[in-house]
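This report concerns only the one structure given below.
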Amino acid sequence: MRPVYAFFVLFVLGFSTLLSAEDVAVTPAIEDGIAWYNAADWPTEGKGWTETARPFDRIPDAFAEKIPQGVRGLGKDTAGLLVRFRTDADSIRVKYTLLSGNLAMPHMPATGVSGLDLYALEGGKWCWAACTMPTNQEDTKVLIDGLGREMRDYQLYLPLYNGVEALSIGVAEDAEFHAVAPMAAKPIVYYGTSITQGGCCSHPGNVYTSMLSRRLNVPFVNLGFSGSARMEPEMAEMIATLDPALFVIDAVPNMNAPLIRERALPFLETIRAAHPETPILIVDGRYYANTHIKKALAADCREQTEALREAYETFSAKNAGVYWLGHENLIGEDIDYDATMDSSHLNDLGMFRQADKLEPVIREILSL
């Protein structure tokens, strides 16, 4: 066996000072010539809190009983989480156990709901490499082979709408393997709905927060909760315990206008009280793709926009570092109506378009 080490990525986020962390050593279990590395043995990127019931949960133990039940359950889903590693292995295997046997949904494939999604760094760009096609809650399989014995950096995204009980990465016993810790920069914390959680892209790396992370070289904490992002006071308190480079608030699709008027301003005030100088980006809800023929639905969307805009204007009048991103062209409404799979949830094209819309805004806010 060659020596195994972990290296933190050195990273610059608008500052000249490099951010670094300690190396982490990992030891594999050897089975039939395969070295299996337990992904829980080194830090997972995308986790906002380390104190969680399971290694790959998104919700901290301290708030598990305080937050809404729906969020508590969805916090077991691993949306936005990834593990980094470097290897010269010709073949990469995975051994995993998912929390749920419900591998797919009627409107979202198993590759997105429950898949593991591998990207490789090629020529300074993260390129898609492979994705599992889950057929069992527990499985061991070759994720990709034919790589040649070339050292590469990889990142493996975890499922969007399922949880992970256990995950190991396997390479040949004589292959070199380095467990790589997460980027050491402050993350962008993105609070949103099922769309933020990844509904309904075809594989985990295609959720727009992950697209943006690869483009910007900035870690993201994906706090998308399907049908359950309603700006509850308890959620504001939980999110305010984080210390990111930027907060993004994108919860409109789960709220009607009266609820926005009731909760949006107190939600923002709770976060600002804990973080007086951290920028906050408020994102208007994307309009349904068929509002051009559903006039009552279009009116509801306009009322949501008006309610959120009122909260933004009141809040920004008293606080600096507050930004607004409107719904216009957020998923290409003025181009065509092909960005969703059910008029609301985004397909891969919609995810790409939303990333395109968010990218220049975030770059300007953080001077990237």
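The values are calculated or read from the model by the stated rules, or taken from the named source; none is laboratory data. The shown structure was predicted, so the numbers you read here are calculated from the model rather than taken from an experiment. Neighbour counts are summed over all protein chains in view; Cβ atoms, including those assigned to glycine, are modelled from backbone coordinates with ideal geometry. Each accessible area value is taken on the protein alone, full model and side chains, heavy atoms only, with ligands, DNA and RNA left out. Shrake-Rupley method; radii C 1.70, N 1.55, O 1.52, S 1.80 Å.
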Among the residues of segment 94-121, which ones are open to solvent by 50 Å² or more (accessible area, probe 1.4 Å), over 22 Å from residue 29 (Cα atoms) and either touching a Cys at 6+ places or on another chain (Cβ under 7 Å) or in a strand (DSSP E or B) (or both)? 105, 107, 121
How many of the residues in segment 124-166 are closer than 18 Å to residue 102 by Cβ and open to solvent by less than 30 Å² (accessible area, probe 1.4 Å)? 8
Taking segment 286-326 and keeping only residues that are in contact with an Asp or Glu (Cβ under 8 Å, 6 or more places away or on another chain), modelled with pLDDT under 95 and open to solvent by 30 Å² or more (accessible area, probe 1.4 Å), one is left with 287
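Return yes or no: is residue 83 touching a Phe, Trp or Tyr at 6+ places or on another chain (Cβ under 6 Å), modelled with pLDDT of 95 or more and of a type in the set (A, V, I, L, M)? Lay out the reasoning, then the answer.
Numbers: touching a Phe, Trp or Tyr at 6+ places or on another chain (Cβ under 6 Å): no; modelled with pLDDT of 95 or more: yes; of a type in the set (A, V, I, L, M): yes.
Criteria not met by residue 83.
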Return only the number of the condition from (1) farther than 20 Å from residue 364 by Cα; (2) buried (at least 23 other Cβ atoms within 10 Å of the Cβ) that residue 254 does not satisfy. (2)
Assess whether residue 287 counts as being of a type in the set (Ser, Thr, Tyr), part of a loop (DSSP other than H, G, I, E, B) and touching a Cys at 6+ places or on another chain (Cβ under 8 Å). yes
Could you tell me how many of the residues in segment 64-93 are under 20 Å from the mean Cα position of the chain (by Cα), outside any loop (DSSP other than H, G, I, E, B) and surrounded by fewer than 22 Cβ atoms within 10 Å (Cβ to Cβ)? 3
Please verify whether residue 258 is in a helix (DSSP H, G or I) and modelled with pLDDT of 95 or more, treating the condition exactly as stated. yes
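Is there a residue in segment 164-171 that is in a loop (DSSP other than H, G, I, E, B) and at pLDDT 95 or above? Even if it seems obvious, please write down each step before you answer.
So in segment 164-171, the residues in a loop (DSSP other than H, G, I, E, B) come out as none.
Among the residues of segment 164-171, not one is in a loop (DSSP other than H, G, I, E, B) and at pLDDT 95 or above, which makes the answer no.
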